[in-house]
Amino acid sequence: MELLEALRAQPLLRGILPAIGVGLLLWFFHRRERLSPAAHTVLSLAAGSIAALALTACIYITANNIIRPPEWDFLCFWVYGRALALGESPYNVDMLRQLASPYAPSEEFVSELYCLYPPPCTIQFLPLGWWPIQVAAATWYLAQWAALMSVVALVWRLLDPKRSWTSFVIAVALVCGLHSTISTLRFAQSNFLIVLAGLLVAMSSSWAARGISLGAATLIKPIGAVLALDLLLKRDWRALLTMAGLQLIAAGLFLVLQGWPGLTEYRDRNPLAEEIADNYYTGLTNQSLLSTLLRLTGTNPGAQPVFFPPFVVTAALLAAITLAVVVRLPRELQHLGIGLIAALALLVYPGTLTHYSVALVIPIFLAWSVRERLWGGTPCVIGTAAIAYGLVWARLEFLANLAVWAAVLGMMAFTRSSLGRPAERE
């Protein structure tokens with residue numbers, strides 16, 4: 001009991017065990033061909049145990065949330081969808097509260113029930129409004145698990161091109177064992193679709209697949225739009241047009257459902273927006289650069305927090321450094337650019353919440369797939385992964401995002417120098 005209390009009181013202590021575990025798992029997996037049969041068996045059993053524990057936690061959370069759909073955030077999503085299905089605006093606060101009232105929501109939930117998603121993004125919730133809440137929850141979670149298992153499959157490929165049984169179990173352990181994966185399921189969130197899109201952009205040779213992936217990701221959450229910087233730098237115009245086409249289709253569907261009054265309602269939405277923004281941007285759940293700077297300086301977010309000068313300057317600097325490194329990557333390593341941009345997105349996107357850090361899977365495992373080519377090699381990649389997992393489990397997600405960005409940036413920047421030539425652009 002004393003140990004558990006110490007772990008709760010000291011965030012860094014909570015992260016030590018996951019950091020050591022991930023570091024050892026990846027190190028021994030890297031050296032698997034030199035291991036004795038007995039040591040290889042121990043590695044498989046250790047990975048299997050972690051995978052089993054992680055999957056059990058994920059399945060338990062999912063089943064519990066389907067039986068008793070949680071306020072945060074599934075009831076929000078269902079209410080948005082129900083409003084759309086009834087021809088009402090998802091930005092009408094009174095209507096949202098009326099739809100939620102039969103489910104005995106808490107006072108906190110009622111006071112903060114509003115929709116910040118832009119009109120095209122709200123279309124994803126429409127099918128939920130067609131069904132009773134538990135059926136909708138089961139359908140929603142089915143989609144999230146499909147995305148999660150797809151992410152596991154892609155990480156498996158990145159971990160081990162031969163795709164052995166041991167590497168599959170390790171992929172399950174590392175993806176499902178990240179605290180942000182568990183919290184994504186707890187909050188019924190859709191971050192796995194963003195991760196899947198990022199990995200597909202890096203691993204797909206089809207411009208259509210890249211465009212559709214990022215188009216869908218942007219419709220899931222606006223943070224997906226930041227990832228489009230990778231397509232822009234590569235001058236992948238067909239993929240960008242495909243992505244834009246999906247946005248236009250979704251916007252058109254919203255207009256069909258809501259008409260121009262729907263857009264007006266969005267413009268004039270939630271009269272409590274400024275009050276809610278104070279909690280949204282300064283609460284610990286928000287782990288963005290903006291939120292961190294606001295907390296450190298004790299500044300009130302105000303009506304337009306994204307124009308907070310220290311944030312604007314710092315975000316611009318981080319973006320400039322990131323793009324300068326990505327654009328100079330060697331041709332054969334250009335697919336890594338989306339990983340560094342994903343880490344940047346977690347920092348500069350004002351709405352980055354704790355569960356968004358599941359996107360760290362993108363830079364970590366893309367770097368792993370070419371670890372021998374990067375500056376610092378395997379030890380640096382393993383160290384980055386261990387630190388990231390430790391900080392996420394310590395609930396210090398902003399520091400995890402920053403650490404991964406800095407480490408991957410350094411590996412890429414020095415790799416370019418060692419290879420001695422800039423990237424060749426198409």
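The values are calculated or read from the model by the stated rules, or taken from the named source; none is laboratory data. Keep in mind the model is a prediction, meaning the values are calculated, not measured. Because the Cβ atoms are built from the backbone with ideal geometry, glycine has one as well, and the counts that use them run over all protein chains shown.
Filter the helices (runs of 4 or more DSSP H) completely within region 43-141 down to those with at least 2 residues that are within 30 Å of Phe168 (Cβ to Cβ), touching a residue at least 12 places away in the same chain (Cβ under 8 Å) and over 26 Å from the mean Cα position of the chain (by Cα).
Per the criteria, no element qualifies.
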Could you give every pair whose Cβ atoms fall below 7 Å, whose first residue belongs to region 369-392 and is closer than 13 Å to Ile16 by Cα and buried (at least 17 other Cβ atoms within 10 Å of the Cβ), and whose second residue is polar (S, T, N, Q) and modelled with pLDDT of 95 or more, counting only separations of at least 6 or pairs across chains?
Val392/Ser180; Val392/Ser357
Which number in (1) closer than 23 Å to Gly224 by Cβ; (2) modelled with pLDDT under 90 marks the one condition that Ile321 misses?
(2)
Output for region 149-166, where each listed residue is closer than 11 Å to Met203 by Cβ and surrounded by fewer than 18 Cβ atoms within 10 Å (Cβ to Cβ):
Ala153, Arg157
Filter region 92-127 down to residues that are of a type in the set (D, E, K, R) and under 30 Å from Ala251 (Cβ atoms) and give me whichever is modelled with the highest pLDDT.
Arg97
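Looking at this structure, is Gly87 closer than 30 Å to Ser164 by Cβ and out of contact with any Ser or Thr (no Cβ under 9 Å at 6 or more places or on another chain)?
Taking the combined requirement at face value, the residue does not satisfy it.
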Give all pairs with beta carbons closer than 9 Å in which a residue from region 226-238 that is at pLDDT 90 or above meets a residue that is of a type in the set (Phe, Trp, Tyr) and surrounded by fewer than 18 Cβ atoms within 10 Å (Cβ to Cβ); count only pairs at least 6 apart in sequence or on separate chains.
Leu231/Trp207; Leu231/Trp237; Asp236/Trp207; Trp237/Trp207; Arg238/Trp207
Looking only at residues in region 192-247 that are surrounded by fewer than 20 Cβ atoms within 10 Å (Cβ to Cβ) and among the hydroxyl-bearing types (Ser, Thr, Tyr), which one is farthest from Ile123 (Cα to Cα)?
Ser205
